[in-house]
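The values are calculated or read from the model by the stated rules, or taken from the named source; none is laboratory data. This structure is a prediction, so every number in the text was calculated from the model and none was measured. Glycine gets a Cβ as well: all are built from the backbone with ideal geometry, and neighbour counts include every protein chain shown. Accessible surface is based on the protein model in full, side chains and every heavy atom, while ligands, DNA and RNA are left aside. Shrake-Rupley method; radii C 1.70, N 1.55, O 1.52, S 1.80 Å.
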Amino acid sequence: MIDVTIANFQEEVIAASMTTPVLVDFWAPGGDPGELLGPLLEQLEAAYGGSFKLVRVDAIREEKLSAAFGIQSVPTCILVVNGQPVDGFTGALPEGKIKEFLDKHLPPAPEPAPPEEEVVLDTAPEAVLERLQSAVAADPANETARFDYVKQLLSLGRDDDAKVAFAPVIAQTAVVRRFDSLKRWMDALDFVATNADAASASALFDEKIAANKRDFDARFDQARSLLADQRWTDALDELLEILMRDKAWNDGLARKTYIAILDIIETPKPKVADGQIPPEDATVATYRRRLSSVVLS
């Protein structure tokens, strides 16, 4: 997804829409519905195989663009074709509704190609790690390969190797969300490393939470311990307990950590025929819906 400002709007939207429809996502940082909609739009852009181009505009920072399109609330998506807005929708619509919107304006998907002969790869953890390491060596700028490689190292408990592999992109955590997610996982591991007796620490957190359900610091520390232990859903449940009581606690720390865990546990999308949408990871879909239910309530 390309970030568009008034400086590059002509090139990235108007000129680009002369050959390919451009979907402009007007969003705002810290706007929970927009943050949930963005990843779904990116998945659809990939699934539609180049039938449309996805860009986003910070509706608050780019006031002139927002005014030009009559944006009243975020998220709002506008489809631009041949330099003109032709349709749009407001709000974090479900995937099916967005597909209906796109299918009204995009050309029909091409006929699927004959299935290629499937190559069976060794799925042993070390074999997977070796392939990912080779992918990063071949293309150090490949964000997906880097994310998967560092994630695999952390999954195997090779924390120091993960930090070395992550070092070249650590400065990108502010702009690449999945890198930020990895950093939060490593921070959780460092936090646990300072508490040598994990069992005693967990018991202490439980005691504090039992005494005060709104002890969010204890709940967050418990969630970080669970994250470090790769008890993903337990960590998500603990973070939800915070969000249900205070959605904005600590500048959105619980929500940001929750989204980081979803990034970490989401499995790679299986290959499907062109024009088809790959199935969602069931666990991620469930917890994404729970987050939406809480932050939109």
Checked the stretch 262-297 for anything more than 29 Å from Phe52 (Cα to Cα) and either among the polar types (S, T, N, Q) or modelled with pLDDT of 95 or more (or both); matches are Ser293, Ser297
A careful count of residues in the stretch 213-225 that are more than 11 Å from Thr257 (Cβ to Cβ) and open to solvent by 20 Å² or more (accessible area, probe 1.4 Å) gives 6
Note on Glu241: of the conditions (1) over 27 Å from Asp159 (Cβ atoms); (2) open to solvent by 30 Å² or more (accessible area, probe 1.4 Å); (3) in contact (Cβ under 8 Å) with a residue 40 or more places away in the chain; (4) part of a helix (DSSP H, G or I), unmet is (3)
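A quick yes/no check of all residues on (1) open to solvent by less than 40 Å² (accessible area, probe 1.4 Å); (2) touching a strand residue (DSSP E or B) at 6+ places or on another chain (Cβ under 7 Å); (3) not in a loop (DSSP other than H, G, I, E, B):
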residue: Ile6; (1), (2), (3): no, no, no
residue: Gln10; (1), (2), (3): no, no, yes
residue: Val13; (1), (2), (3): yes, yes, yes
residue: Ala16; (1), (2), (3): yes, yes, yes
residue: Asp25; (1), (2), (3): yes, yes, yes
residue: Gly30; (1), (2), (3): no, no, no
residue: Leu36; (1), (2), (3): yes, no, yes
residue: Pro39; (1), (2), (3): yes, no, yes
Would the stretch 114-127 turn up any residue that is under 30 Å from Leu37 (Cα atoms), of a type in the set (Gly, Ala, Ser) and either at pLDDT 90 or above or open to solvent by 40 Å² or more (accessible area, probe 1.4 Å) (or both)? no
When the stretch 140-163 is checked residue by residue, the ones that are on the phi < 0 side of the Ramachandran plot and surrounded by fewer than 12 Cβ atoms within 10 Å (Cβ to Cβ) are Pro140, Ala141, Asp160
Tyr48 passes all but one of the listed conditions (1) more than 17 Å from the chain's Cα centre (by Cα); (2) under 22 Å from Arg178 (Cβ atoms); (3) modelled with pLDDT of 90 or more; the exception is number (3)
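In the stretch 60-103, what residues are among the aromatic types (Phe, Trp, Tyr) and either touching a residue at least 40 places away in the same chain (Cβ under 8 Å) or surrounded by fewer than 12 Cβ atoms within 10 Å (Cβ to Cβ) (or both)?
Phe69
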Of the residues in the stretch 180-212, those that are small (Gly, Ala, Ser), at pLDDT below 90 and surrounded by 12 or more Cβ atoms within 10 Å (Cβ to Cβ) come to Ala198, Ala201, Ser202
Out of (1) in a helix (DSSP H, G or I); (2) at negative phi, the one Glu280 does not meet is (1)
| request: State whether one or more residues within the stretch 276-284 are of a type in the set (A, V, I, L, M) and open to solvent by less than 60 Å² (accessible area, probe 1.4 Å). | output: yes
